[in-house]
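What follows is calculated from the coordinates using simple rules that are stated; it is not laboratory data. Because the structure is a prediction, the values reported are computed rather than measured. All Cβ positions, even for glycine, are placed from backbone atoms using ideal geometry, and neighbour counts span all protein chains on display.
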Amino acid sequence: MRDPRRLKTEVLAGLVVALALIPEAISFSIIAGVDPRMGLFASFTMACTIAIVGGRPAMISAATGAVALVIAPVARDHGSDYFLATVLLAGVLQIVLSLLGVARLMRFIPRMVMVGFVNALAILIFLAQLPHLVGPSIP
């Protein structure tokens with residue numbers, strides 16, 4: 001905070017992430033089958049929580065595919081009433097796991113497993129979007 005160049009870099013990075021977060025939150029809330037306003041609120045809540053308690057590089061902390069794929073079955077099976085509760089529970093679990101020091105165990109996970117996880121996530125997101133791509137109604 002004492003270095004003006006560092007502060008400028010941090011502020012600009014925050015603005016870029018915030019601007020990228022809006023369309024991402026809207027699109028992933030559509031995947032989850034909930035109102036985009038709810039997705040924006042949940043994404044804002046997660047991002048502010050991580051900003052307050054601190055995060056790590058590559059930490060899943062906003063409206064990402066992993067969050068949307070967890071939220072979609074909850075929203076479908078239990079309705080949107082449990083949407084915010086699920087997001088808050090995920091945040092509490094992240095905080096508890098960080099306090100327990102579970103992040104140190106990440107070094108034992110091979111890089112190929114992480115690459116496979118991200119690829120599987122991309123396939124699941126593609127499959128969730130496939131019904132919107134095949135046979136859309138054109139006015």
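Figures for the structure shown
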item	result
Segments 106-115, 80-89 sorted - mean Cβ within 10 Å per residue, highest first	80-89, 106-115
Burial ranking of peptide ranges 120-130, 37-47 (average Cβ count within 10 Å, highest at the top)	37-47, 120-130
Point-to-point label distance, E10-I26, nm (Cα→Cβ direction, 7 Å offset)	3.0
Label-point separation, R2 to I109 (7 Å along Cα→Cβ), nm	3.7
